[in-house]
Amino acid sequence: MNVALYARVSTTDKGQDPEMQLRELREYCQRRGWTVVGEYVDAGVSGAKDSRPELNRLMADAHKRLFDVVVVWRFDRFARSVSHLLKALETFQSLGIEFVSYSEAIDTSTPVGKMTFTVLGAVAELERSLIIERVRSGVRNAKAKGKRLGRPKTIKAEPVDVARLKAEGHSLRAIARVLDISERSVRRLGAAA
């Protein structure tokens, strides 16, 4: 099995060193007889960011199928949110790539690991459904209270203003600048005048 290791530390100036993670991951892979073909290390990068240079490279290489397994120290080194983790795991699953979290002893190539992945997926789906229902409920409540939803209309000028400036000989661009609106709005208001 060809393996990609992923490690991340949030800061580099406070004694955090990704080498501690990598050392144990290399030993783990060696015990399993796996070949490490790539190491992806984001040092000094927050896990809250879904887009990280080395994580992006890892995902691109996964699509090229350069490895069979991704091994990480812990879930939180790889992803900070369940939704981000599940998106990545679903991508790996569709590409036929297994995922191992060393500290949590989760391995999607095993029956227990597959079950854990399924449970995580169900929890994430429930979370998405609950969020959608709360949003819909909030919208219904706001409408029931007579609140107007959407972006408020900001009318900065009236058709008479545009007509007056046109009569004074101003160009569309000049009228737009004077009234602080777009030229398109000037044309629309001019047609209504």
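The values are calculated or read from the model by the stated rules, or taken from the named source; none is laboratory data. Note that the structure is a prediction, hence the values are computed from the model and not measured. Heads up, the Cβs are rebuilt from the backbone with ideal geometry, glycines too, and the neighbour counts pull from every protein chain shown.
Being surrounded by 13 or more Cβ atoms within 10 Å (Cβ to Cβ) and aliphatic (A, V, I, L, M) is the filter here; which residues of the stretch 81-119 pass it? Passing the criteria: VAL82, LEU85, LEU86, ALA88, LEU89, LEU95, ILE97, VAL100, ILE106.
Using the structure shown, decide if GLU183 is touching a Lys or Arg at 6+ places or on another chain (Cβ under 9 Å), modelled with pLDDT under 85 and surrounded by fewer than 17 Cβ atoms within 10 Å (Cβ to Cβ). Here the answer is no, as GLU183 does not meet what is asked. So for the stretch 95-110 (the condition being of a type in the set (A, V, I, L, M), at negative phi, in contact with a His (Cβ under 9 Å, 6 or more places away or on another chain) and in the same structural domain as ASP61 (by TED's automatic domain parsing)), does at least one residue qualify? Yes, that holds for at least one residue.
Of all residue pairs spaced 6 or more apart or on separate chains, those with beta-carbon atoms under 9 Å, a first member in the stretch 180-191 that is outside any loop (DSSP other than H, G, I, E, B) and a second member that is surrounded by 13 or more Cβ atoms within 10 Å (Cβ to Cβ) and at pLDDT below 85 are SER185/ALA157; VAL186/ALA157; LEU189/ALA157.
Remark: pairs (first residue in the stretch 18-44, under 19 Å from ARG57 (Cβ atoms); second residue acidic (Asp, Glu) and surrounded by 16 or more Cβ atoms within 10 Å (Cβ to Cβ); Cβ separation under 7 Å; 6+ apart in sequence or on different chains) = LEU22/GLU39; GLY38/ASP61; TYR40/GLU54; VAL41/GLU54; ASP42/GLU54.
Can you find a residue that is closer than 30 Å to TYR28 by Cβ, among the acidic types (Asp, Glu) and out of contact with any strand residue (DSSP E or B) (no Cβ under 7 Å at 6 or more places or on another chain) anywhere in the stretch 95-115? Within the stretch 95-115 (the criterion being closer than 30 Å to TYR28 by Cβ, among the acidic types (Asp, Glu) and out of contact with any strand residue (DSSP E or B) (no Cβ under 7 Å at 6 or more places or on another chain)), the answer is yes, since at least one residue qualifies. Only one residue in ARG8, ARG52, ARG57, ARG77 is among the basic types (Lys, Arg) and closer than 19 Å to ASP107 by Cα. Which one? The unique qualifying residue is ARG77. SER129 meets each of the listed conditions (1) surrounded by 15 or more Cβ atoms within 10 Å (Cβ to Cβ); (2) closer than 30 Å to LEU89 by Cβ; (3) polar (S, T, N, Q) apart from (1).
Report whether or not SER171 is among the polar types (S, T, N, Q) and over 40 Å from the mean Cα position of the chain (by Cα).
Working: among the polar types (S, T, N, Q): yes; over 40 Å from the mean Cα position of the chain (by Cα): yes.
When the stated conditions are applied, SER171 passes them.
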